[in-house]
Amino acid sequence: MTDSPHIAYIPRPLKILGILTVVGVFAVNAMGFVDHDTHSGQGCGAQWPLCQGTVIPPFTHEAVVIEWTHRVLSLGFFLVLTAFLLGLRKHYQGQPTVMRPVVTVIVLLVAETTLCTLSVLWTLPTALLGLLAVGGLVVQTLLARLTLGLGNPGSQDQMPSIWSRTALGMLLLYLYAGACASYQTLPIEWLTTGVHILGIFMAITGAVWIAGARSAGERRTAWMFAIPALLGAALVHLNRLTVLGDLGVVLWLSWLLAAALKGCLPPLVNRASRPALRIPTGASRTTAPLSKTR
């Protein structure tokens, strides 16, 4: 008789918090794209956390509305996120398969908050600003995996492969280069061309990943990445600089990153075990554990 693999679970209140957290970080990321593309980053002036010298500024200009809304969403997201991470720590403390993504989220958020604050107070180089979009979407995807993956055993035969990691690397490079290009005051031809070339290679990587998939589960994940990559790389540059266009880009990048990380992280998240049951002193130790089957 062999023990069945431990399947993680997530309490319902904690899962609701997780869903609210994912919705919150998506709203913050989407508003960040709108903030950037409408040049509203200085709508509150070079002040933080105040806006125009007050908590609630006079909404005399569109830029003030956009930047203030972005900050309020960020604050609401931070409060819900704190409750969610504390809940994860309470239920999964001592389980590295869950706590590693939690620590990664915290580190990325601290780095992003620092960069955002510095970008309000000073002018930062494009190479640093480009990291904001990458970090925000990675945080969003890890939170989604923590919320959904803990309640789903997933495909146990879907192990990370060289092509899933390559697809993730190409996507992160494409995202970073695109963010850097968008922060340029004047278009740089070689950088814009490089973004398009990276998009093509990203789509090709997705196709190769399908061909090299080692299981049905991995092949499904590869298709989830490859088809949007093939379609989106050709269309994403046609609808920017509008609110709906920015929302579409965030949705597209979120889907790709979720698929790529799913190909790399199932063993990390989905195989986390249920918190151990404490056996009262004096209780019989011959009782079969609940997490085992015969």
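The values are calculated or read from the model by the stated rules, or taken from the named source; none is laboratory data. Computed from a prediction, not measured in an experiment: that's the story for all the values here. All Cβ positions, glycine included, derive from the backbone under ideal geometry; neighbour counts span all protein chains shown.
Some observations on this one:
- Residue, nearest to His39 (Cα to Cα), within the range 62-97, restricted to residues that are without any contact (Cβ under 8 Å) to a residue 24 or more places away in the chain and not in a helix (DSSP H, G or I): Gln93
- Residues of the range 30-61 that are aliphatic (A, V, I, L, M) and in a loop (DSSP other than H, G, I, E, B): Ala46, Leu50, Val55, Ile56.
- Looking only at the range 65-79, and only at residues there that are of a type in the set (A, V, I, L, M, F, W, C) and more than 16 Å from the chain's Cα centre (by Cα), the one that is surrounded by the most Cβ atoms within 10 Å (Cβ to Cβ): Ile66
- Wholly enclosed helices (runs of 4 or more DSSP H) of the range 184-294 bearing at least 1 residues of a type outside the set (Ser, Thr, Tyr), outside the structural domain of Thr104 (by TED's automatic domain parsing) and at pLDDT 60 or above: 189-212, 216-235, 243-264
- The listed residue being at pLDDT below 90, among the polar types (S, T, N, Q) and loosely packed, with under 15 Cβ neighbours inside 10 Å, out of Thr147, Thr113, Thr104, Thr97: Thr113
- Scanning the range 173-186 turns up no residue that is over 17 Å from Val249 (Cα atoms), surrounded by fewer than 19 Cβ atoms within 10 Å (Cβ to Cβ) and touching a residue at least 60 places away in the same chain (Cβ under 8 Å).
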